[in-house]
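The values are calculated or read from the model by the stated rules, or taken from the named source; none is laboratory data. None of these values were measured; they are calculated from a predicted model. Cβ sites come from the backbone with ideal geometry, for glycine too, and all protein chains shown count toward neighbours. Remember, those area values only see protein heavy atoms, side chains included, never the ligands or the DNA or RNA. Shrake-Rupley method; radii C 1.70, N 1.55, O 1.52, S 1.80 Å.
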Amino acid sequence: MNIYLIGMKACGKTTVGQALSRQLGRQWLDTDRLIELHHESEHGEAMCFSEIYQSRGEAVFREIEEQVITSIEHNGAVVSLGGSSVLNKRSLAFCRESGLIVYLNLSFSCWLDRIDNSVGVSDGIFQQGKRKYYDTRHACYANATSFKINVDKLTVQEVVSQLVADLGGN
């Protein structure tokens, strides 16, 4: 059974995913990186996921994202999902069927602090305002998750330790 990490941009999905996979001795996958590799194999051109989104458009990006997610093997990997991955019904159903979905939850104020200090977080994603963006995503994540961990004041190791305990050491 895979472990899928979801949450807002800058919540720690990548950092926690890497640390959790090391702790559990499992493979770690990052869907943003898998999208980049998919694009490079299809088009012979290396691009970061945000460039793919900008150059190919949202609809094409979401199609690639769904293909990447639904092709992940059920081999017990720790998977850091992109921020919008579970907004796709097919991707969400696949993740629910093949593993546990863990929501790395940040309060709105902590999230604002993190995105204001984060490289590569574009204001373009907040067309409807940061609060509305946060509230909409938070509701989707809360609905999608198998369980949630509040990460506001926790170190990466504290998050990993809590997840290991919640997962029963698996």
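For region 21-71, residues that are over 14 Å from the mean Cα position of the chain (by Cα), aliphatic (A, V, I, L, M) and under 30 Å from Gly168 (Cβ atoms) total 1.
What about Ala165, is it without any contact (Cβ under 8 Å) to a residue 40 or more places away in the chain, over 19 Å from Leu24 (Cβ atoms) and among the hydrophobic types (A, V, I, L, M, F, W, C)? No.
In the set (1) farther than 17 Å from Leu167 by Cα; (2) without any contact (Cβ under 8 Å) to a residue 60 or more places away in the chain, the condition left unmet by Arg26 is number (1).
Ser55 passes every criterion in (1) within 16 Å of Asp30 (Cα to Cα); (2) open to solvent by 70 Å² or more (accessible area, probe 1.4 Å); (3) hydroxyl-bearing (Ser, Thr, Tyr) apart from (1).
Each row is one residue, and each column tells you yes or no for (1) open to solvent by less than 90 Å² (accessible area, probe 1.4 Å); (2) farther than 24 Å from Asn2 by Cβ; (3) at pLDDT 85 or above.
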{"position": "Arg114", "(1), (2), (3)": "yes, yes, yes"}
{"position": "Val121", "(1), (2), (3)": "yes, yes, no"}
{"position": "Ile125", "(1), (2), (3)": "yes, yes, no"}
{"position": "Gly129", "(1), (2), (3)": "yes, yes, no"}
{"position": "Lys148", "(1), (2), (3)": "no, no, yes"}
{"position": "Leu154", "(1), (2), (3)": "yes, no, yes"}
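With respect to the conditions (1) within 26 Å of Leu106 (Cα to Cα); (2) open to solvent by 60 Å² or more (accessible area, probe 1.4 Å), Tyr4 lacks only one, and its number is (2). Residues considered: Gln23, Gln18, Gln67. Of these, the only one that is open to solvent by 60 Å² or more (accessible area, probe 1.4 Å), in contact with a helix residue (DSSP H, G or I) (Cβ under 8 Å, 6 or more places away or on another chain) and under 29 Å from Lys153 (Cβ atoms) is Gln23. Taken together, the residues in region 57-115 that are more than 22 Å from Ile149 (Cβ to Cβ), touching a residue at least 60 places away in the same chain (Cβ under 8 Å) and of a type in the set (Phe, Trp, Tyr) amount to 0.
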